[in-house]
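Some notes on the structure that comes next.
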Amino acid sequence: MQTKSSFSLRKLFPGLDEEELTKLQQASSVIMLRKGKNLFVGGDTPRSVYAIANGCLKIVRENSEGGNLIVRVVKSGEVLGLNEIFLNSNYLRTAVALRDSEIFAIDIRTLVDIVNRKPELAIHFMKNLCQEIGKLERRLEASMFKTAKSRVTGVLFDLHGSFADNANDSVFEPPLSRRDIAEMADVAPETVSRVLADLKVGGVLDSQGPVFRVLDANAFAGEAQGV
C-alpha cells in the first residue's frame, strides 16, 4: 500500500520505479511551511532539492532600491533548487510561502544519483526548465516592448494558466496581492487597479477580491499579447 508521501513523490517524479521512489522517500523530509515564511534565503548554500507537494511559493530577488522583484511563482508539482545544484552555486533568490505549503526536502546526492541513472527524469526536468525560460523571456520582451496594460494582462493570463482548474475554466484565484501582481508586471500597484477596471469595463476580465473571472477568453489572450 502506498503511503501519502510515496504517492505524492510519484506525481512529482513520474517514471520512477518502486525502488527509486523508496530511495527518494527515505532521503526526504517533509517541511510544513506556513504562509509568509521563507523556505530559503538568497545567499544560502543549497543542501536539498525541494519538491512542492501542496501549496505555493513566490521566488523573489531584491532590487537595487531595496524592494523585492517576484521572479516567478512555484506551485504544487514543481521542483525548486535544481539550477543551483547543477551549477554548484548558492541561492540567488529567496523563496517565500504564499500559502501554507507541504514541501519535500530531498537529499541532493540521492536525487542526482537517480537523475544520472534515469535520463527520462532529466528530460522531464529539462522540459519544465524550458517552460520557465519561455515565461521569463516573454516577461523580458513585455518589459521592453509592451504597454503597462499588456504587461499586467500578460501576468494575469499566465496566472490563469497556473491557477485555473483547467484551461477552459474561467475562474481562477492566485494567492497574490495586487502589489505582487504589480511587481511581476513591473508597474505601480495603482496601475494594476486601473488595468483591472479597464478590463472589467471592456468585458474582458472581472475581479472580486482575490478571485478573477475571464469574461472573454479571446479578448483576454489578445490583451495579454498586446494585440
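What Kirkwood hydrodynamic radius do you get for the range 2-136 when you take the inverse of the mean 1/r over all pairs of distinct Cα atoms, in Å? Intermediate results must be reported in sequence, preceding the final value.
Details: mean 1/r = 0.0653 Å⁻¹.
Result for the range 2-136 stands at 15.3 Å.
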Practice problem: Putting +1 on Lys and Arg Cβ atoms and -1 on Asp and Glu Cβ atoms, find which of Leu129, Gly161, Asn54 reaches farthest to the positive end of the dipole of the chain. | Solution: Asn54
Self-check item: For the range 4-121: relative contact order, % (alpha-carbon pairs under 8 angstrom, 6 or more apart)
Solution: 38
Quiz prompt | Length added when fully stretched, Asn218-Lys37, from 0.36 nm per residue minus Cα-Cα | solution = 61.4 nm
Quiz item: Using the count of nearby Cβ atoms within 10 Å as a rough guide to exposure, how do Cys56, Cys130 rank from fewest to most?
Solution: Cys130, Cys56
Quiz item: Summing -39500 (n - 2.57) over the DSSP H runs of n ≥ 4 in the chain and dividing by its residue number, what mean residue ellipticity at 222 nm do you reach, to the nearest 500 deg cm²/dmol?
Solution: -14500 deg cm²/dmol
Self-check item: Residues Thr147, Thr153, sorted so that the one with the fewest Cβ neighbours within 10 Å comes first
Solution: Thr147, Thr153
Practice problem: Take peptides 12-22, 175-185 and line them up by average Cβ neighbours within 10 Å, highest first, as a rough protection proxy. | Solution: 175-185, 12-22
Exercise. Return a whole-number percent for the relative contact order of the chain, with Cα pairs under 8 Å and 6 or more residues apart as the contact set.
Key: 18
Practice problem: Convert 10 °C to kelvin, take the viscosity as 1.306 mPa s, use the Kirkwood radius over C-alpha pairs of the range 138-225 as Rh, and evaluate the Stokes-Einstein diffusion coefficient in µm²/s, rounded to a whole number. | Solution: 125
Self-check item: Computed over the range 138-225: relative contact order in percent, which uses C-alpha pairs under 8 Å that are six or more apart
Solution: 32
Practice problem: Would you calculate the separation in nanometres between label points at Met126 and Asp165, each defined as 7 Å from the Cα along the Cα-to-beta-carbon direction? | Solution: 3.6
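Given the pairs Lys23/Lys75; Lys75/Lys118; Lys58/Lys200; Lys11/Lys37; Lys37/Lys146, which are separated by over 31 angstrom at their Cα positions?
Values: Lys23/Lys75 24 Å; Lys75/Lys118 24 Å; Lys58/Lys200 27 Å; Lys11/Lys37 25 Å; Lys37/Lys146 34 Å.
Lys37/Lys146, as the Cα separations exceed 31 Å there.
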Quiz item: What percentage of all Cα-Cα pairs in the chain are separated by more than 29 Å?
Solution: 32
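None of the figures in this text is laboratory data; all of them are computed from the coordinates on show. Since we're looking at a predicted model, the values are computed, not measured. All Cβ positions, glycine included, derive from the backbone under ideal geometry; neighbour counts span all protein chains shown.
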